[in-house]
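This report refers to the structure that appears directly beneath it.
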Amino acid sequence: MGSGFALGDYVAHNQILWVFVQMGGGGAFFFFLFFNTYVFRGAMVFQKMTNPYLKTVCAMCLVAVFNQIVVSYVDMQLTYYRNMVYLGVLIGLMPVLANLQEHNGTSPEEERAEA
C-alpha cells in the first residue's frame, strides 16, 4: 500500500504474464513481435553506423528496450508512465538515427555548404 500506486495490489508484478492476461495470446504475440522487430531493426542500423557517437546512442537505445522487457518479468515496468514515456522516446529515436546514418552523419547545414 505504501508504493503510491493505487492498483499496486491488483496488477501482477510479472508484467510479461500481465500482457498475456490483458491482451490474450494474439495481442501478446503482436506486442512482443513489435519489440523483437525493433531490436532486429536497431541491430541492422547499429551495424551500418560509422559515427561512433551515433553508434553509442543506438546501442543505448537497444539495451534500454531489451532491459525494459527483462525487468518487466519481475516488476511493474510496463504500467509506470515515466518508464514508458522514456522508452517511447528511445524507440522514436531509432528512425532518426537511421536517417542520420543515411546522410553519413552530416548536418543539413554541411550538406547545403557542399551543394
How many of the residues in the range 4-28 are in contact with a helix residue (DSSP H, G or I) (Cβ under 9 Å, 6 or more places away or on another chain) and aromatic (Phe, Trp, Tyr)?
2
Surrounded by 10 or more Cβ atoms within 10 Å (Cβ to Cβ) and at pLDDT below 90: does that describe Thr106?
yes
Conditions: (1) more than 18 Å from Asn99 (Cβ to Cβ); (2) hydrophobic (A, V, I, L, M, F, W, C); (3) surrounded by 15 or more Cβ atoms within 10 Å (Cβ to Cβ). Met49 meets all but one. Number of the miss?
(1)
Do we have any residue at all in the range 44-67 that's on the phi < 0 side of the Ramachandran plot, at pLDDT 90 or above, touching a Cys at 6+ places or on another chain (Cβ under 9 Å) and in a helix (DSSP H, G or I)?
yes
Among the residues of the range 66-76, is there at least one that is closer than 27 Å to Glu102 by Cα and buried (at least 17 other Cβ atoms within 10 Å of the Cβ)?
no
Condition check for Leu100: touching a Cys at 6+ places or on another chain (Cβ under 9 Å) and surrounded by 14 or more Cβ atoms within 10 Å (Cβ to Cβ):
no
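The values are calculated or read from the model by the stated rules, or taken from the named source; none is laboratory data. All figures in this text were calculated on a predicted structure; none of them were measured in a lab. Note that each Cβ is placed from the backbone with ideal geometry, even for glycine, and that neighbours are counted across all protein chains shown.
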